[in-house]
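Trainee: Attaching a single structure in structure tokens format; questions to follow.
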Amino acid sequence: MADDLLSNGPERPRRPLARRAAVAAAVLLVIGAGGVRLLAADDTKTPRRPVESAPAGTSPTSGIVVPAGPDARLEPGEIPGIALGNASNGSTLERRDRAGAANPWSVVVRRKDGSLASHGAVITYPVPKASPQRRVRIGGVQGRAGDGQIIWKIAGSYARIRGDLPERDLVRLAAATTVVDSRPSVRALAGFPWTVDGHYRPRVIREARYGSKELAEVAALGRGLTLVGVAPLGGVEDRLYEANARPAGTVRGKPAVVTSALGGNGILAWEATPGMVAFVGYSGASMNDDAVAALRRVAERTRLLDEQQWRSTGPHTTDGVNDFG
């Protein structure tokens, strides 16, 4: 996740109502001055800026309180909210990407033994033309391969497949890809029974933010911010492949991966429900084994919320580009 995941939106949990109006006015001034920058677009990366941490010694006031308990029962296709059970300080944020047709489409493919960012690949269409790399044949066309990805011409533009599979499997999946109504589709192949498709950039990302001090994780994570979030797969899994995210044990029995290459000081991610990735990120101390263990502890406290429960937290909403570059 990009640095902005820890520096945009409300940095601290919500203040009492009397102070919120002043904060809202400041936000309006920022928007009027040219918009709130979220995340860099897929083909136009913006320079990173330092992650903003909560000042040492601060103690955010209570914003949301979500009782501990099981995940909410979700309707098919429902995008969940997320928060930490029994955490009394916090604020919630909803990031919306309204790019519509300008948002590429993706298909996540996994091998029988695959899980999030492991033993699979993500096919994205359209993408920019490949820079000169090693040549490879995709059916009757020439593609460019390298760094765990292949880019080839298809349907008047270019598609990309990226993953941790052997190149021969990437080539097979690429050759099995067609484009219908500007969306890629992958023909079923033996050994790859699992696919999910959707927009590359999540149209909605939902987050809850907390002070690491209030979560009793200062020793491992520092005195910055810790956030938990949830979003559809697609671009998120693609970025995890790009960052070479490494295995990091399990969260509630689901394989997790971790990386320090996507902004902040680190991010731990797992597939909370089919097609939905949950993550814990932080800014503060450098990532090490203690930090990864702390992220897993925080992850185990997460709770998925249904639409009504999520709305009851009063999430702040921002519009922008939900890319993870």
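Trainee: Find all pairs meeting these conditions: Cβ atoms under 8 angstrom apart; at least six residues apart or on different chains; first residue within the range 99-122 and free of Cβ contacts under 8 Å to residues at least 24 places away in the same chain; second residue surrounded by fewer than 22 Cβ atoms within 10 Å (Cβ to Cβ).
Mentor: Hits for this filter: D113/H119.
Trainee: Residue under question is Q149, and the condition is that it be outside the structural domain of E237 (by TED's automatic domain parsing) and surrounded by fewer than 18 Cβ atoms within 10 Å (Cβ to Cβ); does it hold?
Mentor: No.
Trainee: Sticking with this structure for a sec: Failed condition for G253, given (1) crowded, with 21+ Cβ neighbours inside 10 Å; (2) closer than 23 Å to W270 by Cβ; (3) within 22 Å of the chain's Cα centre (by Cα), with all others met?
Mentor: For G253, the exception is condition (1).
Trainee: Looking at T313, T318, can you tell me which residue is of a type outside the set (A, V, I, L, M), under 17 Å from the mean Cα position of the chain (by Cα) and not in a helix (DSSP H, G or I)?
Mentor: Result: T318 is the single residue among T313, T318 that is of a type outside the set (A, V, I, L, M), under 17 Å from the mean Cα position of the chain (by Cα) and not in a helix (DSSP H, G or I).
Trainee: Right, next: Looking at the range 120-129, is at least one residue buried (at least 16 other Cβ atoms within 10 Å of the Cβ), among the hydrophobic types (A, V, I, L, M, F, W, C) and farther than 23 Å from F192 by Cβ?
Mentor: Taking every residue of the range 120-129 in turn, none turns out to be buried (at least 16 other Cβ atoms within 10 Å of the Cβ), among the hydrophobic types (A, V, I, L, M, F, W, C) and farther than 23 Å from F192 by Cβ.
Trainee: For the range 229-260, which positions are without any contact (Cβ under 8 Å) to a residue 40 or more places away in the chain, part of a strand (DSSP E or B) and aliphatic (A, V, I, L, M)?
Mentor: V258
Trainee: Of everything in the range 261-309 that's part of a strand (DSSP E or B) and of a type outside the set (A, V, I, L, M, F, W, C), which residue is surrounded by the most Cβ atoms within 10 Å (Cβ to Cβ)?
Mentor: Result: Y282.
Trainee: Could you tell me whether the range 112-125 includes any residue that is within 30 Å of A174 (Cα to Cα), in contact with a His (Cβ under 7 Å, 6 or more places away or on another chain) and either at pLDDT below 95 or not assigned by TED's automatic domain parsing to the domain that holds P247 (or both)?
Mentor: Looking through the range 112-125, at least one residue is within 30 Å of A174 (Cα to Cα), in contact with a His (Cβ under 7 Å, 6 or more places away or on another chain) and either at pLDDT below 95 or not assigned by TED's automatic domain parsing to the domain that holds P247 (or both).
The values are calculated or read from the model by the stated rules, or taken from the named source; none is laboratory data. Keep in mind the model is a prediction, meaning the values are calculated, not measured. For neighbour counting, all protein chains shown are included, and Cβ atoms are generated from backbone atoms with ideal geometry for every residue, glycine included.
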